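Structure first, then comments.
The values are calculated or read from the model by the stated rules, or taken from the named source; none is laboratory data. This is a predicted model, so every value here is computed, not measured. Please note: Cβ atoms are built from the backbone with ideal geometry, for glycine as well, and neighbour counts cover all protein chains shown.
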Amino acid sequence: MDAGRILAVCKGDRSLEIIDLEQGRSTGAVIASGDRPHEVAVSRDGTVGYVPVYSDAGVGAPGSDGRAIDIIDLVRARRMATVELPFASRPHLPHLGPDGMLYVSTELDESLSVFDPSTMRLVRQLATGAAQSHMFAFSPDGRTIAVANVRPGTVSVIDRGSGALRGIVDVTATVNRISFDARSRLAFTADQESPRIAVVDTEGLRIDGWIEVPGTAFGTAVTTDGRRLVVALRSTCQIGIIDLATREVVAAIDVPPHPQAIVVHPDGRHAYSACDDSAVVVEVDLLEPSVSREIRTGRNPDGIAWSPRPGHRL
């Protein structure tokens with residue numbers, strides 16, 4: 001299997017860092033068009049990256065209101081285009097959907113904006129029904145989108161095909177980041193004020209339960225076998241591993257301050273997180289469990305994505 005690359009958005013440098021996992025180092029960085037990007041999505045062949053330019057402020061705070069998406073040539077490591085949205089929106093998280101369209105959270109508009117990546121035309125918008133729609137995730141079967149609305153502390157559930165808002169689930173005061181289980185029913189979002197993760201039933205539109213964790217959680221991702229949830233524990237500077245059958249933490253691995261998003265490698269053995277205060281991406285062996293290595297990045301790495309190397313399609 002191709003080891004691939006990790007793409008890391010470094011907020012402090014306003015850049016996208018390209019990390020070759022076989023070499024274990026950065027092989028290039030691309031400066032964004034504005035201040036400042038947080039997240040990245042990548043084409044399935046690993047040749048194109050999509051980096052929204054969000055804001056120079058945090059969620060809900062006064063600051064610049066971004067309205068652009070940078071298109072990155074990952075073969076030549078250069079910005080090849082910038083697409084301006086027709087409205088100020090603080091575009092944040094991009095994802096390529098199961099239909100091949102590019103979905104971007106446009107939180108000032110309380111929506112997800114959908115683009116045709118071949119033309120970057122805006123083709124539709126999906127209403128989230130809530131403010132601060134910062135993060136979202138597709139169910140593995142591609143039918144459902146779950147959206148984490150930060151300070152309303154809610155999760156919006158959208159039918160991807162029709163675009164209909166099926167409902168909004170009240171969770172807690174503040175949530176962030178979100179992921180799905182392998183069966184496409186349960187979504188996981190992190191409570192930002194208590195050390196726990198909400199388990200949201202996206203079919204029943206209710207809270208299915210809570211997973212207690214050692215510290216305040218942030219990014220999560222389910223392993224390739226669907227049996228474990230990997231979680232960034234920001235307040236304790238750890239990456240936790242949760243057994244989804246028992247909903248208990250079975251390992252907590254010390255990492256540099258402060259882990260953000262979680263990405264699980266297609267090999268199923270390794271997971272990655274960008275450590276914001278340490279300027280590294282950390283690689284964790286999920287079987288040991290332990291830190292395999294740390295890879296230097298630019299300042300304040302945040303959103304990350306795994307990508308095949310161009311010409312090595314997964």
Item to check | Filtered residues of segment 198-255 (kept if touching a residue at least 24 places away in the same chain (Cβ under 8 Å) and aromatic (Phe, Trp, Tyr)) | outcome: Phe218
Checklist outcome for this item: Per the filter on segment 250-273, residues within 14 Å of the chain's Cα centre (by Cα) and aliphatic (A, V, I, L, M) are Ala261, Ile262, Val263, Val264, Ala271
Checklist entry - Out of Thr47, Thr82, which single residue is more than 23 Å from Ala137 (Cα to Cα) and at pLDDT 95 or above? => result Thr82
Next on the checklist: Return the residues of segment 155-204 that are among the hydroxyl-bearing types (Ser, Thr, Tyr) and either buried (at least 24 other Cβ atoms within 10 Å of the Cβ) or more than 21 Å from Ala61 (Cα to Cα) (or both); say none if nothing qualifies.
Outcome noted: Ser156, Ser162, Ser179, Ser184, Thr189, Ser194, Thr202
Item to check | Tally, over segment 132-180, of residues that are assigned to a loop (DSSP other than H, G, I, E, B), among the small types (Gly, Ala, Ser) and free of Cβ contacts under 8 Å to residues at least 60 places away in the same chain | outcome: 7
Item to check | Which numbered condition Ser139 fails, given (1) under 12 Å from Phe180 (Cα atoms); (2) in contact with a Leu (Cβ under 7 Å, 6 or more places away or on another chain) | outcome: (2)
Item to check | Members of segment 73-111 that are β-branched (Val, Ile, Thr) and over 18 Å from the mean Cα position of the chain (by Cα) | outcome: Val75, Thr82, Val83
Checklist outcome for this item: With the first residue restricted to segment 74-87 and required to be at negative phi and surrounded by 14 or more Cβ atoms within 10 Å (Cβ to Cβ), and the second required to be among the small types (Gly, Ala, Ser) and outside any strand (DSSP E or B), Cβ contacts under 6 Å at 6 or more apart or on different chains are Thr82/Ser33
Checklist entry - Of the residues Thr128, Thr174, Thr119, Thr202, which single one is among the hydroxyl-bearing types (Ser, Thr, Tyr), in contact with a Lys or Arg (Cβ under 7 Å, 6 or more places away or on another chain), modelled with pLDDT of 95 or more and over 19 Å from Ala261 (Cβ atoms)? => result Thr202
Item to check | Residues (crowded, with 24+ Cβ neighbours inside 10 Å, farther than 14 Å from Val250 by Cα and among the aliphatic types (A, V, I, L, M)) located in segment 205-231 | outcome: Ala217
Checklist entry - Does segment 264-273 contain at least one residue that is free of Cβ contacts under 8 Å to residues at least 24 places away in the same chain, in contact with a Pro (Cβ under 9 Å, 6 or more places away or on another chain) and among the hydroxyl-bearing types (Ser, Thr, Tyr)? => result no
Checklist entry - Got at least one residue in segment 97-112 being within 20 Å of Ser33 (Cα to Cα) and surrounded by fewer than 16 Cβ atoms within 10 Å (Cβ to Cβ)? => result no
Checklist outcome for this item: In segment 194-226, residues that are under 27 Å from Asp285 (Cα atoms), in a strand (DSSP E or B) and among the small types (Gly, Ala, Ser) total 4
Checklist entry - How many of the residues making up segment 17-31 are among the β-branched types (Val, Ile, Thr) and surrounded by fewer than 16 Cβ atoms within 10 Å (Cβ to Cβ)? => result 2
Item to check | Number of the condition not met by Pro257 [criteria: (1) surrounded by fewer than 21 Cβ atoms within 10 Å (Cβ to Cβ); (2) under 25 Å from Ala182 (Cβ atoms)] | outcome: (2)
Checklist entry - Restricting segment 88-122 to residues that are in contact with a Ser or Thr (Cβ under 8 Å, 6 or more places away or on another chain) and part of a loop (DSSP other than H, G, I, E, B), which is farthest from Thr47 (Cα to Cα)? => result Glu110
Next on the checklist: So, Val53, is that one crowded, with 22+ Cβ neighbours inside 10 Å and of a type in the set (A, V, I, L, M, F, W, C) or not?
Outcome noted: yes
